[in-house]
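S.K.: Sharing a structure, written as structure tokens. Questions coming.
The values are calculated or read from the model by the stated rules, or taken from the named source; none is laboratory data. In this text, all values refer to a predicted model and were calculated from it rather than measured experimentally. Positions of Cβ are backbone-derived with ideal geometry, glycine not excepted, and every protein chain shown enters the neighbour counts.
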Amino acid sequence: MTLQSLILGDQRIDTERQKRKVLLGAYLILTFLGVDTFFFFMNALNPEGEPWALLLGSLISVVCLGLIRRGWINTAIFLYLIRSNLVTFYFSLIDTDPYQTGTFAYFIPSSLGALAVFGYGERWKGIGFSLLSFLLFLTAFLDPSRFTIDNAHFYFIVNVSIVLLVGMLIILFFDHLVVGSERVILRKNEELVEANKELLKTNKELDLFVYSASHDLRAPLSSMLGLIEIVQFTKDPEETRRYLELIKGRVQALDSFIREIIDYSRNSRIEPKIEPVQVRSLIEEVIEQLQFLPGSGSMRLDIDLARSWSIPSDKIRLKVVFDNIISNAIKYRNPSNEVCRLRISAKEKDQAHVIEIEDNGIGIPEEHVTKVFDMFYRAHESSQGSGLGLYIVKETIAKLGGSVEVESQVGTGSLFRIKLPKTG
């Protein structure tokens, strides 16, 4: 068993700084315990000696070590510093010639030890005990019966004071540098942890992307190959036309999926180009491009946005976001509703622009709401998409420094709430 394990016992210390504090405090206590033991025996052999103060000091040191082992760190260090100062003060008073014996010297490790143990982070505790040591030193050595300004005693007081002051400055300065270095290391470690998390996320998404993308790319191709085989043996023109329409649908699905991959790749590689974006005009542009999407003609649109309202953002990325959410509202409209409605509004909240897109479509089942932004996740068995759309929405908005959330209820509809920063 090592000395360190004897000192710490079973307690767990989380930081290296706290560990240094504990061990340094314990080593100082052990040192003074050794000094007390030595002088106890020396005084015991001297008929005029007073070993009992040293015995009391030794007992207090043992108690302090026990407190450290139990985790009462500050209590042990406080008790040790008070004990070392008072024992030194006592012997400085009773010593007939402390200038010669050097009893005063023990005020120096008591003072500087306090600063070293508490460090820059708890510097006021260390400075407080250093001042206690200095005041006790002055009280003992400014005794009129000992001190005269016309001899070396005056310079003795001055020099000890300077030594204590310089020692305090050195310890505080270097510990401040250590604290600064530890902060830099801690920040770098946090950055590495975040980078590692991002790398793990990217690797996981890449594995999922390769698996799902290969399936979603091959499925329409396989379907087209099968339809082409059938067309080759079909002589009925009407039947041929019908198969060609099916092939066209597969091509469109494949084209849509490839566009999603391009959107995903572009968002991850290219930094946002922030400029004033007139949101209403952009939404109207998206709706115009979606006018030939099946079911778009039956949607009643309500755009509650001023035409002049603009926000600092990336126009291309915002277009991708609106295209995905609005096209989903059209695809997953509720056919049982007399009127299929889509309402888009905006407001200012705190330090964000909030855009809400609400529909009265078929809605999302409760168990799927928290997962719809995952890569390749499909909330409906009859899903017409690849499952990339809402994932791209989330990643794109995150790239813009914003967030997106959804509220939905089956049979009632969905509300997507997009929050974008007011400054780009």
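S.K.: So for the stretch 327-342 (the condition being of a type in the set (A, V, I, L, M, F, W, C), assigned by TED's automatic domain parsing to the domain that holds residue 305 and over 20 Å from residue 297 (Cβ atoms)), does at least one residue qualify?
M.R.: Going through the stretch 327-342, the residues of a type in the set (A, V, I, L, M, F, W, C) turn out to be 329-330, 339-340, 342.
Checking the rest, the ones that are also assigned by TED's automatic domain parsing to the domain that holds residue 305 come to 329-330, 339-340, 342.
Still in the running and over 20 Å from residue 297 (Cβ atoms): none.
No: zero hits.
S.K.: Can I ask one more? Which one of these does residue 381 not meet: (1) within 25 Å of residue 258 (Cβ to Cβ); (2) modelled with pLDDT of 85 or more?
M.R.: That leaves (2) as the condition not met.
S.K.: Keeping to the stretch 120-147, report how many residues are out of contact with any helix residue (DSSP H, G or I) (no Cβ under 7 Å at 6 or more places or on another chain), hydroxyl-bearing (Ser, Thr, Tyr) and at pLDDT 75 or above.
M.R.: 1
One line per residue, one yes/no per condition, for (1) closer than 19 Å to residue 422 by Cβ; (2) out of contact with any helix residue (DSSP H, G or I) (no Cβ under 6 Å at 6 or more places or on another chain); (3) among the polar types (S, T, N, Q):
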position	(1), (2), (3)
277	yes, no, no
301	no, yes, no
321	yes, no, no
328	no, yes, yes
332	no, yes, no
348	yes, yes, no
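S.K.: Then there is this: Does the stretch 393-424 hold any residues that are more than 24 Å from the chain's Cα centre (by Cα) and modelled with pLDDT under 85, and which are they?
M.R.: Residues satisfying the conditions do not exist here.
S.K.: Can you find a residue in the stretch 297-305 that is part of a loop (DSSP other than H, G, I, E, B), buried (at least 16 other Cβ atoms within 10 Å of the Cβ) and in contact (Cβ under 8 Å) with a residue 12 or more places away in the chain?
M.R.: yes
S.K.: If you take the residues of the stretch 358-374 that are under 16 Å from residue 303 (Cα atoms) and surrounded by fewer than 22 Cβ atoms within 10 Å (Cβ to Cβ), which of them is farthest from the chain's Cα centre (by Cα)? Reasoning before the result, please.
M.R.: Narrowing the stretch 358-374 to residues under 16 Å from residue 303 (Cα atoms): 358-360.
Among the residues that remain, those that are also surrounded by fewer than 22 Cβ atoms within 10 Å (Cβ to Cβ) are: 358, 360.
Working: 358: 34, 360: 39 Å.
Among those residues, the one meeting the criterion is 360.
S.K.: A further question on this structure: Go through the residues of the stretch 78-96 one by one and say whether even a single one is touching a Ser or Thr at 6+ places or on another chain (Cβ under 9 Å), modelled with pLDDT under 75, assigned to a loop (DSSP other than H, G, I, E, B) and surrounded by fewer than 22 Cβ atoms within 10 Å (Cβ to Cβ).
M.R.: yes
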